[in-house]
Amino acid sequence: MQDNIILAGVGGQGILSIAAALAMGALNRGLNVKQSEVHGMSQRGGAVQSHIRISDKEIYSVLIPRGQANAIIGVEPMEALRYMPFLNKNGYMVTSIEPYKIPNYPDIDKLKEELNSFGNTILINAGKIAKKAGNKKAANMVVLGAASPFLSLEDDIIVEGIKTIFGAKGERIVNLNLDAFNMGKEFALNYTSL
Amino acid sequence: MKNKKIKLLLGDEAVALGAIDAGISGIYGYPGTPSTEIITFVQRSKKAKEKKIRSAWSVNEKTSMEEALGMSFAGKRAMVTMKHVGLNVAADAFVNSAISGVNGGLVIAVADDPSMHSSQNEQDSRFYGKFAMIPVLEPSTQQEAYDLTRYAFDLSEKVKLPVMMRLTTRLAHSRSGIKTFEAREQNRLDAPTESSRFILMPSNARGRYRSLIDAQSNLVEISATSGNNTFFEGEDKSLGVIAFGIAYTYLMDSFKGKPNPYPTLKINQYPLPNNMVKKIFDECEKVLILEEGYPIYEELLRNNIDLDANDNIKGRLSGDLPRTGELNTDLVAKGLGLDVVPEEELPEIVENRPPAMCVGCGHRDLYDELNELTKEIGDRKVFADIGCYTLGALPPYEAIDTCIDMGASITMAIGAADAGIFPAIAVIGDSTFTHSGITGLLDAVNEKANITVLISDNYTTAMTGGQSTAATGRIAEICRGVGVEEDHLKLIVPLKKFMKENVDIIRNEVNYNGVSVIIAQRECVKFYKKM
């Protein structure tokens with residue numbers, strides 16, 4: 001099995017928690033993992049991305065070549081679109097449609113149009129759904145859930161990863177994040193269009 | 001024997017854990033992206049605490065390099081960490097530590113930043129390693145970063161020289177599963193009884209320099225036999241590849257799971273093993289050189305007199321790879337002549353999202369005040385420095401005119417004022433001030449330079465993630481000690497409600513003909529935690 005996933009968002013949106021959930025889950029199962037992060041100046045309120053590669057075979061580079069990602073998971077729609085060139089033709093674009101605005105932010109309808117032009121696209125109001133789960137900050141877990149049906153990595157591995165990374169914060173936080181994940185997944189399985 | 005349990009670590013963290021397990025007694029350094037997480041890992045490590053490994057931040061890279069050398073002098077193992085440009089600051093001690101040699105193992109972990117993700121240049125620390133004539137290790141993966149750190153300490157103690165561990169951003173800031181060794185004990189206190197080699201007066205230094213030169217052939221021999229440089233045979237001899245450090249991972253991904261057909265030399269240890277390099281040049285029609293950073297070895301291996309005679313060498317200088325920036329699989333695959341997905345333009349509606357100062361950040365209000373004053377006085381030059389406040393260069397502030405290196409704000413303002421610029425205003429953060437600003441301020445006081453220094457004090461080293469600073473709560477005291485006049489040492493709190501009075505204070509001090517220091521104190525909105 002192999003997953004090449006690009007996570008996209010803005011500093012502070014929980015990109016690294018998605019990465020950690022996937023990575024810890026995979027590592028617990030003895031799979032190979034490589035995952036890139038962004039630290040330093042570019043992280044300060046700017047665009048943040050993480051490449052994560054999971055495989056049962058040896059992984060060399062941490063960076064996914066253009067056209068070889070099987071999923072882009074976005075917590076912010078314009079940021080998700082930024083990494084489009086990395087997505088494989090058969091890959092999935094799964095992103096929250098709630099913008100994190102800057103002064104020259106594009107028209108949201110045009111943005112949806114561009115994202116939908118891809119085909120395998122799932123747009124989701126991740127913050128809104130996360131709020132139903134208990135906290136809109138769990139939007140990252142909602143998009144992860146929405147992307148989960150399209151990953152090679154099995155759900156129970158991801159669930160295990162979520163439990164591992166939030167475990168120290170107590171059962172309530174773990175359950176909130178699991179609810180967010182499951183609501184995202186449910187949404188994706190019943191997705192028509194947005 | 002490796003432990004079974006696998007840890008998910010950044011390259012930086014792998015180096016840190018490697019150093020702990022190699023038996024260091026201390027780690028020294030100054031924060032700098034992408035090297036910061038090496039020390040923060042040790043600071044948070046329970047194991048390091050149990051072993052009483054000292055790990056506090058130093059004032060700058062030079063002090064940390066010397067502190068580490070002092071620990072090595074005493075017979076114990078020490079690591080020193082910094083970003084690439086930090087090595088410029090530490091260079092005096094660094095180069096001379098190769099002349100004196102070491103006692104306990106001494107490893108300098110330097111993280112370079114090709115593509116300048118968070119830096120003002122992409123200088124290649126391997127140059128410094130070669131310049132100082134010491135061994136350099138450059139891992140390809142996080143696991144190698146861990147393993148080579150242990151080896152680096154062994155090598156340092158064997159050849160009695162400092163050893164450089166060279167990382168780059170992508171390796172430093174990526175995670176992978178790491179298998180670890182059992183930790184070993186620290187060295188006992190064992191200072192040299194005869195220490196003339198550490199007294200670098202010319203009569204001693206000449207002899208030491210000679211021995212350093214004499215040691216070089218042994219270092220080449222070690223590079224060829226350590227197992228850290230590997231020659232992989234290949235069927236297709238139309239091309240050979242020399243892949244340095246992380247570039248090897250891009251090479252292997254270029255073949256999309258198929259075997260690499262070309263003879264390949266994977267380099268993780270310098271100086272270069274000449275015999276292995278010769279073998280690949282002898283065997284192959286052409287050689288592709290993959291270096292993450294400057295084309296240092298490509299240049300050395302070329303014919304630099306008859307440049308047209310270099311048809312057989314492909315790399316950054318030949319145009320087969322870009323001259324600048326970090327490598328990736330697409331670039332390497334293209335350099336190999338393989339098919340890659342062509343670069344396509346992003347949809348026009350995707351706008352850049354440049355970094356910005358946080359909402360609620362005190363630097364913002366300070367720049368608002370400065371810009372308010374600018375409306376009155378018209379032209380002014382603001383010499384800024386390295387930190388979050390460098391982002392004051394971007395809209396909507398566009399408040400600064402320069403940012404060159406750590407501490408250059410005050411000193412450039414002095415020179416500009418000497419040349420006749422008025423007002424010449426320096427903006428510097430508290431951590432940068434203690435790193436390299438105090439000496440410049442003393443210059444200013446000594447020559448009564450007509451400058452105004454704004455120290456934007458947020459009680460932390462924010463840009464690198466909120467590390468402690470060297471003089472929290474003592475900035476004013478330091479300025480007094482350096483000789484700033486009491487009447488022209490002002491404290492302000494940069495908040496909107498004090499805007500008018502703060503602008504008045506800045507105006508008065510700008511108009512004072514001499515050195516003024518205004519300390520704008522407000523805790524970092526992101527990182528400052530009440531003690």
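None of the figures in this text is laboratory data; all of them are computed from the coordinates on show. Computed from a prediction, not measured in an experiment: that's the story for all the values here. Don't worry about glycine lacking a Cβ; one is built from the backbone with ideal geometry, like all the others, and counts go over all protein chains shown.
Where the centroid of each part is defined by its Cα atoms, how far is the range B:486-501 from the range A:101-161 in Å? Measuring centre to centre over Cα atoms gives 45 Å.
The orientation-averaged shadow of the Cα convex hull for the range B:401-531, equal to a quarter of the hull surface, comes to 7.9 nm². Let me test this: with uniform point scatterers at the alpha carbons of chain B, what is the Debye-based log₁₀ I(q)/I(0) at q = 0.06, 0.08, 0.09 1/Å? The computed values of log10 I(q)/I(0) come out as -0.34, -0.59, -0.74. Computed from point charges on the beta carbon alone (+1 for Lys and Arg, -1 for Asp and Glu), the dipole magnitude for the range A:2-189 about its Cα centre is near 380 Debye. Projecting the Cα atoms of B:Ile38, B:Gly337, B:Gly104 onto the dipole axis of chain B, where Lys and Arg carry +1 and Asp and Glu carry -1 at the beta carbon, places B:Gly104 farthest toward the positive end. Relative to the 2.2 N^0.38 Å rule of thumb, the protein assembly as shown has a C-alpha radius of gyration ratio of 1.00. Give the residue list of GluC sites (Glu not before Pro) in the range B:272-312 that are DSSP loop and have at most 15 other beta-carbon atoms within 10 angstrom. Sites meeting the loop and neighbour criteria: B:Glu285.
Per the Kirkwood formula applied to alpha carbons, the range B:2-225 shows a radius of gyration over Rh ratio, Rg over Rh, of 0.95. Projecting the Cα atoms of A:Tyr92, B:Asn352, A:Leu27 onto the charge dipole of the protein assembly as shown (Cβ charges, centred on the Cα centre) puts A:Leu27 farthest toward the positive pole. Sorted ascending by nearby beta carbons within 10 Å, beginning with the fewest, B:His488, B:His435, B:His173, A:His39 become B:His488, A:His39, B:His173, B:His435. Relative to its residue count, the range B:1-54 spans a Cα convex hull of 81 Å³ per residue. Taking a Cβ cut-off of under 13 Å around B:Pro342, the surrounding Lys, Arg, Asp and Glu residues balance to a net charge of -3, with basic ones at +1 and acidic ones at -1.
Shape class of the range B:303-403 from the alpha-carbon gyration tensor: prolate, with a/c at 1.5 or above and a/b greater than b/c. Each principal axis of the Cα cloud of chain A was evaluated for its coordinate range; sorted largest first, these ranges are 43, 38, 38 Å.
Restricting attention to chain B, close to 20% of DSSP beta bridges with both partner residues there are antiparallel. The helix-only estimate of mean residue ellipticity at 222 nm for chain A, built from DSSP H runs of length n ≥ 4 each weighted as -39500 (n - 2.57), is -12000 deg cm²/dmol after division by the residue total.
Of the beta bridges in the protein assembly as shown, as assigned by DSSP with both residues counted there, near 30 percent are antiparallel.
Of all DSSP-defined beta bridges confined to the range A:2-189, some 50% are antiparallel rather than parallel.
When only alpha carbons of the range B:17-143 are considered, Rg and Dmax amount to 13.7, 39 Å.
What aspartates and glutamates could a cross-link reach from A:Lys132, if we take a straight Cα to Cα line under 12 Å and drop same-chain neighbours fewer than 8 places away? Excluding near neighbours in sequence, the set is A:Asp179. Cross-link pairs exceeding 28 Å in C-alpha to C-alpha distance, out of B:Lys5/B:Lys526; B:Lys381/B:Lys500; A:Lys136/A:Lys163, comprise B:Lys5/B:Lys526. Screening chain A for whole DSSP H helices with an alpha carbon extent of at least 24 angstrom along the helix axis and a mean Kyte-Doolittle hydropathy of at least -0.5 yields A:171-189. With a cut-off of 13 Å between beta carbons, the residues surrounding A:Glu98 carry a summed charge of +4, where Lys and Arg count +1 and Asp and Glu -1. The equivalent ellipsoid of the range B:230-335 has semi-axes of 19, 16, 14 Å, largest first, where each one is the square root of 5 times an eigenvalue of the Cα gyration tensor.
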